[in-house]
Structures are given as structure tokens and as C-alpha cells.
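The values are calculated or read from the model by the stated rules, or taken from the named source; none is laboratory data. As the structure is a prediction and not an experimental result, all values here were calculated from the model. Cβ coordinates were reconstructed from backbone atoms using ideal geometry, including for glycine residues, and neighbour counts include every protein chain displayed. Each accessible area value is taken on the protein alone, full model and side chains, heavy atoms only, with ligands, DNA and RNA left out. Shrake-Rupley method; radii C 1.70, N 1.55, O 1.52, S 1.80 Å.
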Amino acid sequence: MDQVLILILDVVCIGFAELIAIVNIDIVAFDAKLFFIIIITRNIVIIVDAFLAEASWDFAERRGFFIVGAVAAHVERDFIFVAAEFLGHFFRIFFFVIVAARFGCSDDIFVSIIVLIFRDGGLRSLGPDFGFCRLNLRVFGVEAMGAFRTGRRSFVQIVEFHFAARTYLLGTKFRISHDCCLSSLLIAGALARNARSCQSAFPQILILRDPDMMWTSHPVDQIAGTVRASGDKSCSHRALIFGGLATGVSEVSGLLEGEDVLNTGRVMAALGAKLERTGEGCWKIEGVGAAGLSQPGIDLDFGNSGTGVRLMMGVLAGHKVRAHLVGDTSLSGRPMARVIDPLEQMGARFEHSGDKTLPLIEHGSGALEALEYTPPHASAQVKSCILLASLRASGITVVHEARRTRDHTEKMLRGFGVDIKTKSDGAGSSVYLKGGQTLVARNTRVPGDPSSVAFLAATAMISRQGGALIEGVMSNDTRDGFFRAAALMGASVGAEDIGEAAGERLIDMSFESAVLRGCAVPTDLVASMIDEFPVLAVLAAFAKGDTIVSGAAELRVKESDRIKAVVAMLRVNGVEVDEHPDGFTVQGCDGEVPGGGVVATHHDHRIAMSALVMGSAAQKPVSIDDAAMIATSYPGFRADMLALGADIRETKP
């Protein structure tokens, strides 16, 4: 009976916190009064639990993080939060002392250490994810506390405030973890700044990652197996954006549930779309339709996603909203002038630092003008950004490309009912879109990602023996440059048609162990394999002779300077390589790559995965210093590699 009462009290306490979020209360406006109410209520439950359980103390240490401070809208309000959480923290000590006195404990049963760290920006900079994508939190504390233990059971009553790896219910940035004696319950929403109504809810997808976890890839004798390709990242972004803009309800299957894509979904939810996860990779999206986007009440955080932010900058340009766009350290260093400049010509306004990078504020316009534009760099993101802005512009917008880039935007817009025309011109093309069109909901099956398949393919190609079959891969001539280049190097690449998805041809692909030879990668393949050069460099390391990459200066402004990162990856593993302004030259090892290095990933998922592919066939294991960012684009990478016979182990530094 006492356990039932304990559970009821726990649920009441948790429900009270959840109610605060559901009724959309802004904790700042209450000057932290509700914070104290929750602190007191929670600790009363702890005491009652202890009395009902007739607990006796048996000291056990539990370590966790207690975040001090919160995302604040104004600097002058930060002090209120810090003071409130400090006082709440000491309330906890006080109540634990009462419980300790009740049971006559004289030993040191509770240790509490508050640690304050202020870096650049001070309190105003509070808010990035702690321990996941970003490590620039300004204020935090560390606790070690005792646990109750009884003859029947042990239990811990601790509430911790975390920065979440995901946005949880109601679009908030915090979660409360409440571990009780009979259950472990997760509540989202309480004590978060500007908790939004359920209309901006985004489903919880929790991917736990240890920021200090290294992975090491050990050489294996054989690669063999069959794997289904993960959903294409480019198409997944567009499926969420287009579904969120459309009139009606769209259903998406095969969505890549990596961090980059989920960040885009979170942004669409904050702008008024309704998203519901109905199963693994399956989503239902109710779009905003003709009403357009709503004014967001939170910062639009794109994490590490350049695709997400650049496409959404185009979308926002055509709506009368004011949005604050932010990202992680890597994304904040990437150039946004390439999309800001044409959008300003169309009528959007931006507030930004002089270098035109994130964070920035975008002011959309309800009166965009059509534009005829030739991007100075071949970029599908720039082209797509302008096309999405042109949906709400007056007149016909034309984007000219000297070299064709991936055309998923054009194909998927047609699927959502948009009249868009493309005219080929040799190696280039021109795209025409008339403004004033509204997207119509449709069901979308996301095809397999050829960029992710490239890692599995390369693993099979450099293996000592064996091969791999990858099912459900998208075949698109603006994305197949890696496979063409690998074939030039002597790789065996097989393909069989199996159907269509999202307007794209679907194929099953097969790859075998091969004797590779170096080559000069044709420059006309660069645009169609811009994301695959790190793993192509791995093939080059195992090939006989030199492999020359040129015309790929765009690699300098990816998630990292990928030319420098590739060169460093190869050199630390005993491979000779020369760096050029627009590429590199690899002196192949004829199948005998020394390995044994620890690769600095520079928070770049493709460098990380490429290094692990190398380790599968090198003479010595290859390690990476950080595996966390792989989840941004390919959360199933390690599982798929293990299914093919690779040996990738988690290790601590």
C-alpha cells in the first residue's frame, strides 16, 4: 500500500510540472515563483516517500549535472534565474538535512558542489545543448548526493535540469528527469523559457551520445552482407519543409531521423506546422497552407545543418515573420552571404555581423520580387533557397547554373503540385518558377541516401575479400559522381532497378573487393560528389599510384575545411598526400595503408566515417577523437557497418 501512495505522490508532482508547460506559462514572467513551488513540492514528496518507506540511510553516491541558469530573453532577467536556481538548490540541501535528521544520520551523507564557468558572452550566452552537439555552456553545477535504501528496495529521488539532446514536447529546450522508486518518468516542458502551445509540439526522438566517446575501427578479413540504405538526408529535409508548407496532411516514410533533419522538423513546428511521428521513419505533417508561417516564439536552431538553414532562409524570406536563426559553432562559421545577397535583392532584410554568418535575424517580406540569378558557386543549397523564396514572389524567378547541381528541390516541388520548368544547357541548366503557387500535400517515400551508401561501398571495395549489397538506393545523375569515380579506379559497381520514390529512380547496388588504381578525378564529377571526397580519399589511399582531386575548392567551406581535414586524416595514418588550394593529391599505398592514427574529426561527420572505413582494411586500427557528430547525418552508420562485418568499438580517451 505504501508503494502505491508513493507512486501517486510522484505522479502528482510530475503532473504539476507538466501542467505548467501545457498551459503555456512563461516562467520568466513569474519572477521564478513557480520554480520555488516546484522545488518545495518535489522535496515534500521526497520526505513523505522516506517516511512511508520507513527508509534507513545507506550512503551511495550518484553523480549528475544540475544546470544553473536558463535561456533568457533579456540580460537583466538572467540574474533572476541564477538566483532562483541557486536558492532552489539550497532548498534541496535543507530538505535532505531534515530527512537525514529524521533517521539520525551523523556521517557526511550529502555533498553539493556548485561550479560556475563564465566564458565569452557571459550569462546572455546560456542555452546551447550541454554535452551533446555543443560544449559552450556558460554556467553549470555538479552534484553528488546520497540515496535512500530500505530492506525492500532502494530508490533515488533526484530532479536534474538538463539541456536536452532534442527539443522535447512543446518546443522547449529543457527536460526534467524524475527518477523515482517505482518508475523512471521523463517530463518535458516545465521551467523552459517561452514554452509554446501544443501547435508547435515536436515529437521526442532521443539519441543519447557520449561526447567523450572515441570509436576505433579494427581491420577485418572480410566484408559481406546486405543492408538497406538509410533515408536520403537532402530529400528528408525537403519532405519536412514541403509538407510543412503544403495545404493538407502529408505522410512521409523512410525519413532519415538524424539530428540535422530533426532540427529542420523542429523549426517547421516552431513556425506553425504540426508534425507527428507515427513510427520509425514515418511522419504525418499538417502544413500551414495558404495562411503561411506563424511568428516563431523561440530561436530557430539548426544545429549543424547547412542545408536546413539555407533552405529555410529562402522559405522565411517570403513570409512576414521575424526570425532569429542560430546554429552550432561549426555552422556559425559557414558563409551565408551566398544566400543573403540574392534574398536581399528579392526584398528580404537581415540583421547580421559584418561577415554574414550565424547568428542572424531575418525579416521576411510579403512583397518579394522575382529574380534572375546566376550563383557564383555551384550550389544546390543556393539554388533551392532562391526557388523556395520565389514561391511567394511576384513574377518568374530564373536560376542559371554553369554546372548542374542536385535537383531534388525541382523534382519534389513538382510532386507537391508546383509548376517548375528546367532547361538544360550543356553542362549547366536554368530553372524557372512562377511565384504565387501553393504546395498541395502528398505522401512521400524517401529514397536511400547515395552519400551514406558511399561509406558502405568503399568498405567493400577496400576489403581483403567479399562484397556488399545495399538495397533501395536513389539513382540520380547529380549525385552519382562517387560511384563513377570509383569505377574509373577499377571498382566493381553493380545496379538493378527496383522502382521509384519521391520522383527518383530506386536501385539495389552491389560492390565487391577490388584492386584499385589511382586516377585524376574529372572536374565535371565534382559537383555530383562534393560530399564524398573524404571517402574517395580513402579509396585513393588503398589504390596503386596517384589520385588527383582538383576543382573542389568548395570543400574549404563545408562542416570543416575538408581539404585540410582529409590531408591530416591520411597523413596521421601513414599515407603521403599533398594539399592544393582546390584539392589534393594522394600517393596510393597499393593496398597496404599503415593506419594506427587517431584522426581529428573537427566535428565533421564525413571525416569521422571516412576514417572508420579506412580502419576496416588498414594494417593497424584507426581511431577518431569524437564519434558524436556522426548522428547528424547517419545515426545508423555503426550498426550498418557491423552488419557487414566491420569491427568498430567504442573506447574512452
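Observations on the structure shown:
- When residues in region 328-363 are screened for being within 22 Å of residue 387 (Cβ to Cβ), in contact with a strand residue (DSSP E or B) (Cβ under 9 Å, 6 or more places away or on another chain) and in a loop (DSSP other than H, G, I, E, B), 5 of them pass.
- Exactly one residue out of 615, 583, 595 is small (Gly, Ala, Ser) and open to solvent by 10 Å² or more (accessible area, probe 1.4 Å), and it is 595.
- Subset of region 458-494 [in contact (Cβ under 8 Å) with a residue 40 or more places away in the chain, of a type in the set (A, V, I, L, M, F, W, C) and either closer than 17 Å to residue 531 by Cβ or not in a loop (DSSP other than H, G, I, E, B) (or both)]: 458, 460, 461, 462, 468, 469, 470, 473, 474, 482, 485, 486
- Test for residue 567: is it within 28 Å of residue 237 (Cβ to Cβ), outside any loop (DSSP other than H, G, I, E, B) and either touching a residue at least 12 places away in the same chain (Cβ under 8 Å) or not acidic (Asp, Glu) (or both): no
- All positions within region 414-468 that are aromatic (Phe, Trp, Tyr) and open to solvent by 10 Å² or more (accessible area, probe 1.4 Å): 432
- Pair list, Cβ under 7 Å, 6 or more apart: region 337-363 residue polar (S, T, N, Q), other residue surrounded by 13 or more Cβ atoms within 10 Å (Cβ to Cβ): 345/371; 357/332; 357/333; 357/334; 357/335; 357/336
- Of all residues in region 618-638 being assigned to a loop (DSSP other than H, G, I, E, B) and either within 29 Å of residue 522 (Cα to Cα) or at pLDDT 95 or above (or both), the one that is most open to solvent (accessible area, probe 1.4 Å): 619
- Selection of strands (runs of 3 or more DSSP E) fully inside region 219-321 by the criterion of at least 1 residues being over 30 Å from residue 591 (Cβ atoms) and polar (S, T, N, Q) returns 249-253, 274-279.
- The condition of being out of contact with any Leu (no Cβ under 6 Å at 6 or more places or on another chain), under 19 Å from residue 290 (Cα atoms) and open to solvent by less than 50 Å² (accessible area, probe 1.4 Å) does not hold for residue 387.
- Filtering region 469-491 to residues that are within 18 Å of residue 610 (Cβ to Cβ) and either surrounded by fewer than 21 Cβ atoms within 10 Å (Cβ to Cβ) or of a type in the set (A, V, I, L, M, F, W, C) (or both) leaves 470, 482, 483, 485, 486, 489, 491.
- Check on residue 379, hydroxyl-bearing (Ser, Thr, Tyr), open to solvent by less than 50 Å² (accessible area, probe 1.4 Å) and within 21 Å of residue 305 (Cα to Cα): yes
- Checked against (1) at pLDDT below 95; (2) in contact with a Cys (Cβ under 8 Å, 6 or more places away or on another chain), residue 343 passes all but a single condition, namely (1).
- Where a residue in region 636-652 is farther than 18 Å from residue 461 by Cβ and its partner, wherever it lies, is part of a helix (DSSP H, G or I), with Cβ under 9 Å and at least six apart: 636/452; 638/612; 638/630; 650/638
- Qualifying positions in region 283-309 - of a type in the set (Gly, Ala, Ser) and open to solvent by 30 Å² or more (accessible area, probe 1.4 Å): 290, 291, 294
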